[in-house]
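Working notes, beginning with the structure itself.
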Amino acid sequence: MKILVTGASGFIGREVTDRLCKRGYEVHAVARKSIEIPDAIWHEVNLLDKSKVEQLFSEVRPTHLVHFAWVTEPGEFWNSSENNEWESATRLLFDAFADNGGTRFVGAGSVAEYVWTGEPCLESRLFDTPATLYGQRKLAAWQYVEQRAREVDIASAWGRVFWLYGPHEHPRRLIPYVINGILNKRSVDCSSGEQLRDFLHVYDVADAFVRLLESEVGGAVNIASGEPVAIKTIVSHIATKLAGQDLIRLGAIPTNIFEPNVVCGDVSKLKLHVGFTPQVQLQDGLDSTISWWQSLSECGAVSA
């Protein structure tokens with residue numbers, strides 16, 4: 001098995017790449033900048049450059065493709081025009097993969113592909129148009145891949161990622177924002193925190209993708225815990241652990257009235273067909289994540 005991983009230096013990609021290398025596969029890691037992962041073969045390629053993509057697949061000729069690369073900048077990616085570029089890039093990647101003997105494709109989708117109704121998100125149930133450009137373009141990318149995969153007889157799967165956390169997360173996302181705010185003795189402004197969301201540690205997310213790749217499961221698969229938790233519960237746990245309860249300001253940021261109170265995934269397919277169940281309990285995962293950010297703070301790697 002020769003595997004090419006895009007977005008291999010990213011939040012999920014780095015964990016998947018590391019696991020695949022440890023399992024003894026030939027792993028070609030693609031990113032704009034490489035990181036240290038033993039045994040990974042790095043290719044620093046701009047995946048928005050058609051000629052570079054075609055050259056990459058012609059040279060590597062991977063049997064398996066795991067696609068994570070996409071625009072992910074917090075606060076910007078939801079409706080960034082770059083989503084259009086990444087949908088086109090995904091189409092190009094799949095076609096180049098197919099043209100060079102590829103046999104199995106696994107891509108990273110998103111909870112944003114669903115219209116959030118308050119009911120558990122089920123892979124076979126999609127209502128109308130997703131609320132954000134990010135969700136729309138992710139869904140369109142998968143629909144293209146799914147159709148083309150049938151036409152050229154390539155196995156394909158799409159892991160729809162819900163909320164995640166852990167080491168190497170962007171510092172502007174919720175959990176690092178709360179942790180680093182307390183570590184730097186700043187007020188931490190949050191919404192009411194009443195919303196229930198489906199969180200999964202990045203280690204579990206990576207393990208789920210590896211299992212999905214190694215399986216014969218096709219179609220969309222929710223990568224989630226299936227157990228929603230209130231945002232304020234997570235914030236309170238972090239604050240208690242760091243003795244920063246006085247810095248937390250729940251309700252300081254208005255809650256989006258258009259979002260449902262509960263968003264969670266139906267994980268029946270993930271458990272029954274992929275054979276995956278989470279191994280990292282939420283409190284343990286939060287504690288280890290806090291420790292990771294503390295170690296960075298102590299060595300000056302995170303600024304105030």
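From the list Arg61, Arg23, Arg32, which one is open to solvent by 20 Å² or more (accessible area, probe 1.4 Å), in contact with a helix residue (DSSP H, G or I) (Cβ under 9 Å, 6 or more places away or on another chain) and basic (Lys, Arg)? Walk me through how you get there before you give the answer.
Values: Arg61 fails: in contact with a helix residue (DSSP H, G or I) (Cβ under 9 Å, 6 or more places away or on another chain); Arg32 fails: in contact with a helix residue (DSSP H, G or I) (Cβ under 9 Å, 6 or more places away or on another chain).
Just a single option satisfies the conditions, and that option is Arg23.
What tally of residues in segment 157-199 results from selecting those that are within 21 Å of Pro120 (Cβ to Cβ), assigned to a strand (DSSP E or B) and of a type in the set (D, E, K, R)?
2
For segment 118-153, give me each residue that is open to solvent by less than 50 Å² (accessible area, probe 1.4 Å) and within 17 Å of Ser225 (Cα to Cα).
Gly118, Cys121, Leu122, Glu123
Out of Ile257, Ile253, report the one residue that is closer than 27 Å to Thr117 by Cα, among the hydrophobic types (A, V, I, L, M, F, W, C), assigned to a loop (DSSP other than H, G, I, E, B) and in contact with a Ser or Thr (Cβ under 7 Å, 6 or more places away or on another chain).
Working: Ile257 fails: in contact with a Ser or Thr (Cβ under 7 Å, 6 or more places away or on another chain).
Answer to the check: Ile253.
Among (1) touching a Leu at 6+ places or on another chain (Cβ under 9 Å); (2) open to solvent by less than 70 Å² (accessible area, probe 1.4 Å); (3) over 22 Å from Ser215 (Cβ atoms); (4) at pLDDT 95 or above, there is one condition Val115 misses while meeting the rest; what is its number?
(4)
Starting from residues that are among the aliphatic types (A, V, I, L, M) and touching a His at 6+ places or on another chain (Cβ under 7 Å), keep the ones in segment 269-304 and report whichever is surrounded by the fewest Cβ atoms within 10 Å (Cβ to Cβ).
Initially, segment 269-304 is screened for residues among the aliphatic types (A, V, I, L, M), giving 270, 272, 274, 280, 282, 286, 290, 296, 301-302, 304.
From what is left, the residues that are touching a His at 6+ places or on another chain (Cβ under 7 Å) are 280, 286.
Details: Val280: 20, Leu286: 23.
Among those residues, the one meeting the criterion is Val280.
This table checks each residue for (1) more than 25 Å from Arg104 (Cα to Cα); (2) open to solvent by less than 80 Å² (accessible area, probe 1.4 Å); (3) in contact (Cβ under 8 Å) with a residue 12 or more places away in the chain.
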site	(1), (2), (3)
Leu213	no, yes, yes
Gly218	no, yes, yes
Ala224	no, yes, yes
Ile234	yes, yes, yes
Ile238	yes, yes, yes
Asn261	yes, no, yes
Val267	no, yes, yes
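When you scan segment 74-86, how many residues do you find that are in contact (Cβ under 8 Å) with a residue 60 or more places away in the chain and either of a type in the set (D, E, K, R) or open to solvent by 20 Å² or more (accessible area, probe 1.4 Å) (or both)?
Restricting attention to segment 74-86, the residues satisfying the condition of being in contact (Cβ under 8 Å) with a residue 60 or more places away in the chain are 74-75.
Those left that are additionally either of a type in the set (D, E, K, R) or open to solvent by 20 Å² or more (accessible area, probe 1.4 Å) (or both): 75.
Of the residues in segment 74-86, 1 are in contact (Cβ under 8 Å) with a residue 60 or more places away in the chain and either of a type in the set (D, E, K, R) or open to solvent by 20 Å² or more (accessible area, probe 1.4 Å) (or both).
What number of residues within segment 179-211 are acidic (Asp, Glu), open to solvent by 30 Å² or more (accessible area, probe 1.4 Å) and under 30 Å from Val106 (Cβ atoms)? It would help to see each step written out before you state the result.
Let us first name the residues in segment 179-211 that are acidic (Asp, Glu), namely 189, 194, 198, 204, 207.
Next, from what is left, pick out any that are open to solvent by 30 Å² or more (accessible area, probe 1.4 Å): 189, 194, 207.
With the extra rule that they be under 30 Å from Val106 (Cβ atoms), the set shrinks to 207.
Qualifying residue count for the region: 1.
Take segment 47-83 and flag every residue that is modelled with pLDDT of 95 or more and part of a loop (DSSP other than H, G, I, E, B).
Residues satisfying the conditions are Leu47, Leu48, Asp49, Arg61, Pro62, Thr63, Phe68, Ala69, Trp70, Val71, Ser80, Ser81.
Of the residues Val66, Val71, Val45, which is closer than 20 Å to Arg160 by Cβ, surrounded by fewer than 21 Cβ atoms within 10 Å (Cβ to Cβ), among the β-branched types (Val, Ile, Thr) and touching a helix residue (DSSP H, G or I) at 6+ places or on another chain (Cβ under 7 Å)?
Val71
Considering each of Trp163, Trp158 in turn, give the residue that is open to solvent by less than 10 Å² (accessible area, probe 1.4 Å) and closer than 20 Å to Val66 by Cα. Let's see the steps before the verdict.
Details: Trp163 fails: open to solvent by less than 10 Å² (accessible area, probe 1.4 Å).
That would be Trp158, the only listed residue that is open to solvent by less than 10 Å² (accessible area, probe 1.4 Å) and closer than 20 Å to Val66 by Cα.
The values are calculated or read from the model by the stated rules, or taken from the named source; none is laboratory data. As the structure is a computational prediction, the values presented were derived from the model and not from experiment. We place every Cβ from the backbone using ideal geometry, glycine too, and count neighbours over all the protein chains shown. For the accessible areas, the whole protein counts, side chains as well, though only heavy atoms, and no ligand, DNA or RNA atoms are used. Shrake-Rupley method; radii C 1.70, N 1.55, O 1.52, S 1.80 Å.
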